[in-house]
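Here's the structure, in structure tokens; my notes come after.
The values are calculated or read from the model by the stated rules, or taken from the named source; none is laboratory data. These numbers come from a predicted model, not from an experiment. Every residue, glycine as well, gets a Cβ built from its backbone with ideal geometry; the counts of neighbours run over all protein chains shown.
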Amino acid sequence: MKTRCGAANLGRSLLKAGRGQNCRPQKATSSEGAFSTMRGSSGTRSGRRGRPPQDWSPVPQCSLRRILSLSVILSAAALAADTPRQHPLTSLPVTSVRIDDKFWAPRIEINRTHTLETVHRKLIETGAIQNFAIAAGRAPGKFRGPFWSDSDVYKWLEGNSWSLAERRDAQLEAASDEVIASIAAAQMPDGYLDTYFQLVEPELRWKYLAFGHEMFCAGHMYEAATAHFEATGKRTLLNVAIKHADHVDAYFGPGKHDGQPGHEEIELGLVKLYRATGEKRYLKLAAYFLDQRGQKPSLFEREYEKLDPARTTEFLGRTITFRTLQDALFRKDPSRFDTQYSQDHLPVRQQDKVVGHAVRAMYLYSGMADVAGEMGDTGLFEAATRLYRDLTTKRIYVTGGIGPSVENEGFTRDYDLPNETAYQETCASIGVAMWADRMLALTGDAQYADTMETALYNGFPAGVSLDGDTFFYDNPLYSAGKATRKTWFTVPCCPTNVARIMPSIGKYIYSQSDDALWVNLYVQSKVTAGLPLAVSTDYPWSGAVTLKISQPSTREYGLRLRIPGWAGGADFRLNNQPVHPPIDKGYAVFHRSWATGDVIQLNLSMPVELLEANPGVIDDRGRVALRRGPVIYALEQTDNRADLDRLVLARSPKLEAHYEPRVLKGVAVITGQAMLKPAGSWHDQLYRTTRAEALEGPVNIRAVPYCTWANRGSGKMAVWIESSK
Ligand SMILES: [Zn+2]
């Protein structure tokens with residue numbers, strides 16, 4: 001088993017803390033956006049404000065100065081921010097969406113038959129599942145794995161649950177039940193549950209929040225529990241989660257202990273637990289954790305001061321002090337304690353720059369959006385809106401992935417989006433989709449669906465092989481030929497995240513509001529909730545979509561169809577007649593009494609497009625990327641006789657797309673021609689005076705979807721290709 005992950009890298013670099021890259025954001029060199037899917041303001045916004053805050057202040061312990069500075073920031077932001085919907089969109093129950101398309105259905109099935117099984121086997125082999133039995137006193141042995149090992153078990157359980165909702169599988173269900181019984185047995189009488197701290201560091205329980213991951217594990221427990229409950233109706237894991245959340249609520253909060261997660265996630269889990277149980281304390285606790293961030297001195301710094309400097313731990317095979325871990329995260333500059341890594345540098349309501357560890361950031365912003373929607377908290381919403389704009393105009397890859405640096409597994413500076421060293425952790429692409437989905441729910445604005453779609457069709461599925469049993473942790477956009485997916489990682493967050501998100505895709509495809517079904521992504525499927533209908537399409541390989549109503553509506557009801565930001569045009573026909581529906585924030589709006597058999601046909605223009613990046617992105621200067629519909633393409637050496645490094649695309653090359661059922665389990669490929677730079681006779685020269693050399697060629701080229709690269713052995717790969725002027 002080979003280790004290849006940022007956390008392991010962190011482990012390697014621990015002892016050279018202070019010599020790492022400076023990951024603080026630097027001032028932008030340009031105000032132009034690098035990401036092309038941001039939409040202009042439609043002018044059709046609803047103008048409705050969020051629900052007024054309810055019976056609990058979301059801004060606890062504010063000083064007057066903080067309130068005043070906050071109000072200045074908020075009023076400035078309000079001028080630029082969108083407004084949240086009064087009633088956020090909700091996802092459809094996972095059981096009410098049946099996916100039957102060429103893109104997702106095979107991946108969901110492979111996830112069920114291969115990925116979940118692979119993850120289960122590895123979680124047994126590496127001791128993650130056994131840790132619960134040991135903590136329960138049911139088995140001898142020692143804790144194995146990283147601090148946050150429990151979270152991977154919870155993520156596997158969540159994946160099992162969504163998969164069971166899609167298709168009952170007795171073996172999968174029995175495996176879940178067995179592990180859940182072990183988890184329940186490991187829970188302490190007071191509700192506490194974290195096998196690392198129970199078995200290794202009981203004295204540090206809730207005292208090492210900066211990197212202990214207790215709250216991270218808790219959040220994944222709550223997410224798994226609510227998924228398991230929704231999918232199976234069983235309360236076995238939900239009861240554990242409730243008891244745990246009650247314990248956390250009794251321990252943390254105003255007048256109790258201060259606390260916040262080093263790795264955000266508990267906020268999302270608490271909101272889901274609130275939605276599943278109606279227990280408002282969980283929502284308030286999520287809001288509390290959000291507003292704890294940004295204290296001076298940081299809660300993590302205070303924690304650091306209390307830690308015995310000599311106290312050691314085992315971390316990924318090394319014995320180091322707890323303080324060394326903190327130093328690596330927060331004291332790269334030893335003269336100051338900088339908590340940007342954990343987005344703890346400012347109160348969240350004042351943040352406007354996406355910083356630090358990318359997955360942490362995405363989970364934080366997702367939590368902010370969740371709480372903003374549930375509590376009608378405009379301040380959180382406006383901060384999330386500012387952060388989203390920062391991400392999508394300066395800090396996101398064309399694939400919807402984020403986080404260029406291995407050093408902090410996260411953000412560096414504006415426009416720093418290198419290709420070969422792109423870290424772009426699979427979990428971070430998932431995080432982008434999660435956050436964008438929540439912003440979409442708050443606004444009904446299709447720009448968020450654009451970002452969500454880009455991450456879901458590109459950055460995310462690239463993280464897993466088409467056979468479902470090997471994985472990328474980091475996802476480069478250029479490879480000299482060595483990158484291959486691995487069977488597992490010492491820190492397996494990405495495989496377990498893939499395993500849980502893949503079977504829950506249905507939750508992203510549709511949304512519902514009081515008066516409409518929203519179609520966010522076009523996926524061949526049948527819907528049995530809201531406005532029951534069937535969608536027929538070969539999307540993303542074709543832009544032709546047919547929606548057929550399968551049950552009459554008892555009243556006038558809305559159907560909102562997203563017009564993707566990438567689409568050059570969209571034609572609609574209703575019962576075979578051309579129609580021009582009004583457009584609201586990127587959604588075509590139909591509102592009528594529906595009869596069984598009513599048909600809407602949507603045709604989206606889906607040409608091959610060349611994208612260029614903002615000049616601030618140094619690696620992409622003079623280069624173009626290929627996009628068709630929502631799919632970003634890559635050239636692989638195996639498809640191209642000419643060396644990829646010598647290819648030069650004409651400014652307006654002739655490129656065409658066609659579906660290849662036998663290539664990569666069925667994809668649309670892009671073919672065309674490019675010119676070749678001369679091989680050159682550089683010998684041992686590093687520099688020389690320029691010379692005029694004619695391009696050679698043309699040569700045939702073929703590109704495949706980026707998300708399917710590295711499925712046919714190793715070889716060069718490039719997303720960004722040199723372009724002639
Ligand atoms: Zn990961």
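Would you check if ASP338 is within 26 Å of PRO297 (Cβ to Cβ) and either within 16 Å of the ligand (Cβ to nearest atom) or more than 14 Å from the chain's Cα centre (by Cα) (or both)? For ASP338, the condition - within 26 Å of PRO297 (Cβ to Cβ) and either within 16 Å of the ligand (Cβ to nearest atom) or more than 14 Å from the chain's Cα centre (by Cα) (or both) - is met. For region 616-630, check the following and say yes or no: at least one residue is small (Gly, Ala, Ser), touching a strand residue (DSSP E or B) at 6+ places or on another chain (Cβ under 6 Å) and closer than 23 Å to ALA567 by Cα. Within region 616-630, one or more residues are small (Gly, Ala, Ser), touching a strand residue (DSSP E or B) at 6+ places or on another chain (Cβ under 6 Å) and closer than 23 Å to ALA567 by Cα.
For region 211-221, the condition holds for at least one residue, the condition being that it is on the phi < 0 side of the Ramachandran plot, surrounded by 22 or more Cβ atoms within 10 Å (Cβ to Cβ) and assigned to a loop (DSSP other than H, G, I, E, B). If I go through region 493-516 residue by residue, how many of them are crowded, with 24+ Cβ neighbours inside 10 Å and part of a loop (DSSP other than H, G, I, E, B)? The total comes to 1. Report yes if some residue within region 576-589 is surrounded by 19 or more Cβ atoms within 10 Å (Cβ to Cβ), on the phi > 0 side of the Ramachandran plot, in the same structural domain as GLY530 (by TED's automatic domain parsing) and in contact with a Ser or Thr (Cβ under 8 Å, 6 or more places away or on another chain); otherwise report no. Within region 576-589 (the criterion being surrounded by 19 or more Cβ atoms within 10 Å (Cβ to Cβ), on the phi > 0 side of the Ramachandran plot, in the same structural domain as GLY530 (by TED's automatic domain parsing) and in contact with a Ser or Thr (Cβ under 8 Å, 6 or more places away or on another chain)), the answer is yes, since at least one residue qualifies. Check whether at least one residue in region 469-477 is more than 16 Å from the ligand (Cβ to nearest atom) and either touching an Asp or Glu at 6+ places or on another chain (Cβ under 8 Å) or over 17 Å from ARG360 (Cα atoms) (or both), and report yes or no. Yes: one or more hits. How many residues does region 465-481 contain that are part of a loop (DSSP other than H, G, I, E, B) and in contact with a helix residue (DSSP H, G or I) (Cβ under 6 Å, 6 or more places away or on another chain)? Qualifying residue count, region 465-481: 5.
Considering only region 303-313, state which residues are surrounded by 13 or more Cβ atoms within 10 Å (Cβ to Cβ) and without any contact (Cβ under 8 Å) to a residue 40 or more places away in the chain. Passing the criteria: ARG311, THR312. For first residues located in region 238-252 and assigned by TED's automatic domain parsing to the domain that holds SER151, partners that are among the acidic types (Asp, Glu) and lie 6+ apart or on another chain with Cβ distances below 6 Å form the pairs HIS247/ASP190.
Between VAL519, VAL535, the distinction of being more than 17 Å from the chain's Cα centre (by Cα), without any contact (Cβ under 8 Å) to a residue 24 or more places away in the chain and either within 16 Å of the ligand (Cβ to nearest atom) or buried (at least 24 other Cβ atoms within 10 Å of the Cβ) (or both) belongs to VAL535 only. Reported count of residues in region 215-261, each being within 20 Å of PRO503 (Cα to Cα) and among the basic types (Lys, Arg), is 1. Filtering region 441-462 down to residues that are in contact (Cβ under 8 Å) with a residue 60 or more places away in the chain and under 20 Å from GLU264 (Cβ atoms), which residue is farthest from the ligand (Cβ to nearest atom)? So, considering only residues that are in contact (Cβ under 8 Å) with a residue 60 or more places away in the chain and under 20 Å from GLU264 (Cβ atoms), the one farthest from the ligand (Cβ to nearest atom) is LEU442.
Within region 555-577, the residues that satisfy the criterion of being farther than 25 Å from ARG628 by Cα and part of a strand (DSSP E or B) are TYR557, GLY558, LEU559, LEU574, GLN577.
Take the residues in region 462-488 that are among the hydroxyl-bearing types (Ser, Thr, Tyr) and touching a strand residue (DSSP E or B) at 6+ places or on another chain (Cβ under 9 Å); name whichever of them is farthest from THR708 (Cα to Cα). In this case the residue turns out to be THR487.
Pairing residues of region 692-709 that are in the same structural domain as ASP645 (by TED's automatic domain parsing) with residues that are of a type in the set (Asp, Glu) and part of a helix (DSSP H, G or I), at Cβ distances under 7 Å and at least 6 apart in sequence or on separate chains, gives ARG702/ASP639; VAL704/ASP639.
Within region 401-435, restricting attention to residues that are of a type in the set (A, V, I, L, M) and away from the ligand (no atom under 14 Å from the Cβ), which residue is nearest to ARG485 (Cα to Cα)? Filtering region 401-435 for residues that are of a type in the set (A, V, I, L, M) and away from the ligand (no atom under 14 Å from the Cβ), the one nearest to ARG485 (Cα to Cα) comes out as ALA422. Here GLY294 passes the criteria (1) out of contact with any Pro (no Cβ under 7 Å at 6 or more places or on another chain); (2) assigned to a loop (DSSP other than H, G, I, E, B) except the one numbered (1). With a requirement of 3 or more residues that are over 25 Å from the mean Cα position of the chain (by Cα), surrounded by fewer than 20 Cβ atoms within 10 Å (Cβ to Cβ) and touching a residue at least 60 places away in the same chain (Cβ under 8 Å), none of the helices (runs of 4 or more DSSP H) lying completely within region 123-195 satisfies it. Every test in (1) at pLDDT 95 or above; (2) closer than 23 Å to PHE300 by Cβ is passed by ILE396 save one, and that test is (2).
Per-residue answers, yes or no, for (1) assigned by TED's automatic domain parsing to the domain that holds GLY431; (2) modelled with pLDDT of 95 or more; (3) among the basic types (Lys, Arg); (4) under 23 Å from LEU307 (Cα atoms):
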residue: LEU329; (1), (2), (3), (4): yes, no, no, yes
residue: ARG336; (1), (2), (3), (4): yes, no, yes, yes
residue: GLN340; (1), (2), (3), (4): yes, yes, no, yes
residue: LEU346; (1), (2), (3), (4): yes, yes, no, no
residue: VAL355; (1), (2), (3), (4): yes, yes, no, no
residue: GLY367; (1), (2), (3), (4): yes, yes, no, no
residue: ALA372; (1), (2), (3), (4): yes, yes, no, no
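Just one residue in the set THR484, THR490 is more than 14 Å from the ligand (Cβ to nearest atom), assigned to a loop (DSSP other than H, G, I, E, B) and farther than 23 Å from MET368 by Cβ; that residue is THR484.
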